[in-house]
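Please read the structure below before turning to the comments.
Just so it is clear, none of the values below were taken in a lab; they were calculated from the coordinates. Just so it is clear, the structure is predicted and the values come from calculations on it, not from any experiment. Virtual Cβ from ideal backbone geometry, glycine too; neighbours counted across all protein chains shown.
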Amino acid sequence: MNNISTPLKKHLLVIDDEQDICELVSDVADMLGFSTEQCSVLNELDDLKLNPLPDVLALDLSMPDVDGIEIINHLGSLAVKPQLILMTGFERSVLDGAHKLADRLNVPVLGQLNKPFSIQMLKDLLELPLIQTKPAASKSGAKPSAQKFAPEDIAKGIQNGEFVAYYQPQIDLKTGELHGVEALVRWHHPNGLVMPDDFLPEIESNQQILPLTESVIEQTMRQMIYWQASGLPPMQTSINLSAAYLGELDLPGLMLRLLKDHPIPAELITFEITERIGLNDNNQAVLDTLTRLRLKGFYLSIDDFGTGYSSLSQLNQLPFNEIKIDKSFVFHMLSSPISKAIVESSISLARQLNVRCIAEGIETEEIRDALQMMGCDIGQGYLYSKALPPEDFIKWAAAYVNETRV
């Protein structure tokens, strides 16, 4: 008796109002070992049959009655979701918009196909390994909500040192060496670790960003001294600044005072300012602060580059040394021609302006290799490491430096 079990076939459902497309996708999938189903008529969402749930759903976004956006929203409500292949004959920006919606709803996307597409393009997508999806967080495991944080609790947390700077490494894409780190704050709340998205809005609305930012700066400068004493090479260290902080505090004066207690070269500290800060002629205090910081030797970086309307205007007004490409473009650059064009243009612009270019959100070797080919200077992302608490970061950094020296 043969006890060897036969692997289960992956199941594909194709939804497209063009019958010839349905047949083409099904035929290619059949050749690759899928079991397939087709749907060319979908009058209402209730007609969508997802039992059994397909492993892969090839979805035409421009279905005449129930369009692809409605279907993606429906998939987002499911506990278990199929892997999507997005298809349309409209411009690529339509695919990109649907892809971003799927990302927000935690619906995995294998890739995009702009009609007309070749059999090889379809085959390449169907041969990709399925994406490992992250289960939605249960309510019982949810962290404390920002709305529940009273100002006095936040003040107490800052005073007690509960807000801790974590450090995410930045890697020189040309040499593979450790270039620097970005300081990212986490709240060690008594009820568990709280991420910035869950507390920063509350802190900013209560005007508590100033003491928090000062605490992060001081923690980071102490760590920089410790890293040097531990034998690590000098590292460029990035610290995020809030618009409120820039407008209300004498940051250049504060930094000079801190440097007296923590003798660190000013040029090793980079202040990241989001491009959505809204710099204009009516915000002269912010403009003056940034210019003074640069005059004192600190580096300046435009964070989230490409996501706001004022990127080029800010580059023209202020002495920035670095642009940081937003992770949303980096993450999609291999599947979205628009995202790829924005990344390439940003790298080219940085080169022409003789400023450093950092790409954040690098999660795969393929993205890293593409950025290297484009000439990007620095990379940051989960491919290398997540943001680590101080004691874990120094272990990671020591191991990485030793490995790259071999």
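For V109, the residues 5 or more places off, or on other chains, whose built amide H falls under 5 Å of its own are L84.
Spin-label model, D288 to L78: label points 7 Å out along the Cα-to-beta-carbon direction sit 5.9 nm apart.
K49: which aspartates and glutamates have alpha carbons under 16 Å from its alpha carbon, excluding same-chain residues fewer than 8 sequence positions away? Within the straight-line cut-off, K49 pairs with D16, D17, E37, D60, D65, D67, E70. Computed from point charges on the beta carbon alone (+1 for Lys and Arg, -1 for Asp and Glu), the dipole magnitude for segment 11-126 about its Cα centre is near 540 Debye. Amide H to amide H distances under 5 Å link A58 with L13, V14, I15, I85, where only residues 5 or more positions off or on other chains count and H is placed in the peptide plane.
So what's the net charge close to A370: Lys and Arg +1, Asp and Glu -1, counting the other residues with Cβ under 14 Å from its Cβ?
Values: positive: K340, R368; negative: E344, E363, E365, E366, D369.
Around A370, the surrounding residues sum to -3.
Can you flag which of K260/K395; K327/K386; K324/K386; K340/K386 are past 20 Å Cα-Cα? Write down the numbers at each step before the final one.
Values: K260/K395 28 Å; K327/K386 14 Å; K324/K386 17 Å; K340/K386 24 Å.
Exceeds cut-off: K260/K395; K340/K386.
Summarising the label geometry, the points placed 7 Å from Cα in the beta-carbon direction at E363 and N191 lie 2.8 nm from one another. Sorting E152, E214 from the fewest to the most surrounding beta carbons within 10 angstrom yields E152, E214. Dipole orientation for segment 11-126: of the candidates C22, H11, V66, H11 has the Cα lying most toward the positive pole (charges on Cβ; Lys, Arg +1; Asp, Glu -1).
Working note: Karplus 6.51/-1.76/1.60 with θ = phi - 60° gives segment 286-291 the couplings 5, 4, 5, 4, 5, 5 Hz, where Gly and Pro are set to x. With a simple spin-label model that places each label point 7 Å from the Cα along the Cα-to-Cβ direction, the separation between E177 and F90 comes to 4.9 nm. Extension gain, N114 to K296: 0.36 nm times the residue separation minus the Cα-Cα distance gives 60.5 nm. Between rounded, prolate and oblate, where does segment 11-126 land on the alpha carbon gyration tensor, with a ≥ b ≥ c its root eigenvalues, rounded for a/c under 1.5, else prolate if a/b exceeds b/c? Here segment 11-126 falls in the rounded category.
Which ordering of T220, T175 is given by a fewest-first count of other beta-carbon atoms within 10 Å? Mind showing how you got there, number by number?
Working: T220 22, T175 9.
With the sparsest Cβ surroundings first, the list reads T175, T220.
Ranking M31, I358, V94 by Cα position along the charge dipole of the chain, where only Lys, Arg, Asp and Glu carry charges on their C-beta atoms, puts I358 farthest toward the positive end. Each of W227, W187 was scored by other Cβ atoms within 10 Å of its Cβ. Arranged with the fewest first, they read W227, W187.
In whole percents, the pair-distance distribution calculated for segment 155-230 from its alpha-carbon pairs, binned every 10 Å from zero, is 17, 45, 26, 12, 1.
Under the 0.36 nm per residue contour assumption, what length would be gained going from the current alpha-carbon distance of Q228 and L24 to full extension? Present the calculation step by step, with values, prior to reporting the outcome.
Details: separation 204, 0.36 × 204 = 73.44 nm, distance 6.06 nm.
Between Q228 and L24, full extension yields an extra 67.4 nm.
If you find the alpha carbon centre of segment 167-190 and of segment 2-75, how far apart are they in angstrom? Between the Cα centres of segment 167-190 and segment 2-75 lies a distance of 41 Å.
Sorted largest first, the spans of the alpha carbon positions of the chain along the three principal axes are 74, 55, 49 Å.
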